1. Considering (1) in a helix (DSSP H, G or I); (2) under 30 Å from PRO345 (Cβ atoms); (3) among the hydroxyl-bearing types (Ser, Thr, Tyr), say which one THR155 fails and leave the rest.
2. Just give me the residues in the stretch 499-538 being polar (S, T, N, Q) and either touching a Ser or Thr at 6+ places or on another chain (Cβ under 8 Å) or over 18 Å from ASN411 (Cβ atoms) (or both), in sequence order.
3. Name, by its number, the condition in (1) surrounded by fewer than 16 Cβ atoms within 10 Å (Cβ to Cβ); (2) more than 30 Å from SER490 (Cα to Cα); (3) at pLDDT 95 or above; (4) not aliphatic (A, V, I, L, M) that does not hold for GLU396.
4. I'd like to check something: does the stretch 225-246 contain any residue that is modelled with pLDDT of 95 or more, closer than 18 Å to ARG366 by Cα and either under 21 Å from the mean Cα position of the chain (by Cα) or not assigned by TED's automatic domain parsing to the domain that holds ILE316 (or both)?
5. What residue, among those in the stretch 203-230 that are of a type in the set (D, E, K, R) and under 22 Å from LEU266 (Cβ atoms), is surrounded by the most Cβ atoms within 10 Å (Cβ to Cβ)?
6. Checking the structure you have, find out if any residue of the stretch 461-482 is of a type in the set (Phe, Trp, Tyr) and part of a loop (DSSP other than H, G, I, E, B).
7. Go through the stretch 185-236 and report how many residues are small (Gly, Ala, Ser), more than 24 Å from THR253 (Cα to Cα) and in a helix (DSSP H, G or I).
8. Which ones in the stretch 280-334 are acidic (Asp, Glu), at negative phi and either assigned to a loop (DSSP other than H, G, I, E, B) or in contact with a Pro (Cβ under 8 Å, 6 or more places away or on another chain) (or both)?
Amino acid sequence: MTLITTSSTGAQGVGKAVAAFDRPIVFGMPGGHTIQIFDALYDHQDSVECVLVREESIATVMAESYGRLTGRTAVVMAQGAWVLGAGGRGIMEAHLGASPMVILIDATEGGTYSHHGPYQSGFGGYGAYDLPAAMSAITKRTFVATDPVQAVQMTQLAAKHALEGEPGPVAVIFHSRALLNKFSAEDLPRLFFDGDYSSPIATTPESAISAAAAAIRDSERPIIIAGNGARGAASKSALLTFAEAHDIPVATTQGGKSTFPEDHPLAAGVIGSYGHNTANTLVGESDLIIAVGTKLGSTDTIDENPSLVSAARQTIVQIDVEALNIGWTRPVAHGLLGLVTDVLPRLDSALADLSAAGRSRVATVRETTDYFPELNDSIPEDWTVNPRRLSRILSEQLPANAIVTCDAGENRIFILHDFQTRDGGIMLQPNGGGGMGYAVPAALAATYSNPKQLAVAVTGDGGYAMSLHGLMTAVENKRKMLVVVMDNQSLGWIKHGQGARPFLVDFAPFDLGGIAAAIGCTAITATSEQELIAGIAKAREMTGTTVLIVKTGLSESFLTIKTDMAAGSHEEVASHDS
């Protein structure tokens, strides 16, 4: 165990603080003054897992995915200039999607020469960029440490704030003297490495639980909408137990997909423009909504379509750990503040033997709305696989508990609509910021957070090109994962949105499998459903990283799978017809 004395630097104190995190893991690359913290972590290798990445955005997306999968903070650590300049993708996703993350970076400010325009200076002022201001714009909170004590305490506070209320990314920017200077004798009594900095979690009073339960008992057609805030394993278990106990149907938001198994008789599917008509119909017909870990945002509610969700005609019970999220997007009749794992069991007890006839309601609506219907087989003569069939085949051929990550673009929409999740399975997508290049590093993180489950990244050829360095990290670290690439040689969503005037959306034909093989992956190419099924089976047997390039067509698009309530997309070009 490293002892902090007057001979210790601020960087050594930060290393010890990180080692005290809950199952600490660091994704990053040494650079700038953070090299001092990495040096300190050399002495904590028995307790801190450190993963070297090839580029900063890989670190931030891995940390975002890890945080969402575990509910714990992962640490991103690298030179501040390039965590900002290259790593913003994962930080913004964590900020908009509510994933905990701690970012430890330096400003490389130049010390006593910072006012004379040194190389890479980032502490603001003339001739420098303003790293604190920039990070404040894309994080939940940003701290600036200027001495060794602040370096330690702000690292500890970052972990606290990242998990407090709605989770999010919190940055600590270190001035060089905060890491290089040593502690004084007066400093040492101010440092507590074994103390508990967490805050008590708010709990809803019993009177509020009773009032909400009374409203649910008085309703005729209650339904649950589960969001990303119900994602943790314990939350999913509480949700399943509650729904089954009272026979209440469950729909999910896009971000909440896989919080409830979609093959369950109470499952309604995903609401929204690209989800399922079954979900939209059941939610629209309901007279009471139990919103679990969702803000009921405008995207999920189809531009706040009152035919789907309406505070005027439906009673809304909202459960959230963040008080500001309750009643954020519309007034709610009953706001229940607290963890899903606390509120739902208490609500369960208050409802006693209530049964809402959910199974029969779901079965009736499924008959008229084609819930996960049979899809036409791909046409062999086309030498391509229908992307919707690809998504369905993945759901049939992968293990039930596979972790599937998606990229931005149509690949995400096809998985959202046609991949049917099962109990134990997890599906992640960039549902906050929606950046391309997410799927591969997100799946890579899953090999660390959930090593006993197969991690599968589904991406288009555009996102694949943006994350090749993630494959290098996977190979270097001997990670078992499957990467499925929908190769249609285009930016599919944009091309379909442009209609009759496609522009700057077509890619040249590259040997994507050859690129993967050169990196060290097992590369497989599929041009038919039979080859796809065989490729999945082979990947499941492999011990390393497998890249499955699937040639897909353009006959299906986000336009062909819109739900009946769907709104227009901001990436659709208006008609030029007169």
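The values are calculated or read from the model by the stated rules, or taken from the named source; none is laboratory data. Just so it is clear, the model here is predicted, and its values are computed rather than measured. Cβ: placed from backbone, ideal geometry, glycine included. Neighbour counts: every protein chain shown.
1. Unmet condition: (2).
2. THR522, THR527, SER528, GLN530
3. (2)
4. Looking through the stretch 225-246, at least one residue is modelled with pLDDT of 95 or more, closer than 18 Å to ARG366 by Cα and either under 21 Å from the mean Cα position of the chain (by Cα) or not assigned by TED's automatic domain parsing to the domain that holds ILE316 (or both).
5. Checking each candidate, the answer is ARG221.
6. Checked the stretch 461-482: no residue is of a type in the set (Phe, Trp, Tyr) and part of a loop (DSSP other than H, G, I, E, B).
7. 5
8. ASP287, ASP300, GLU322
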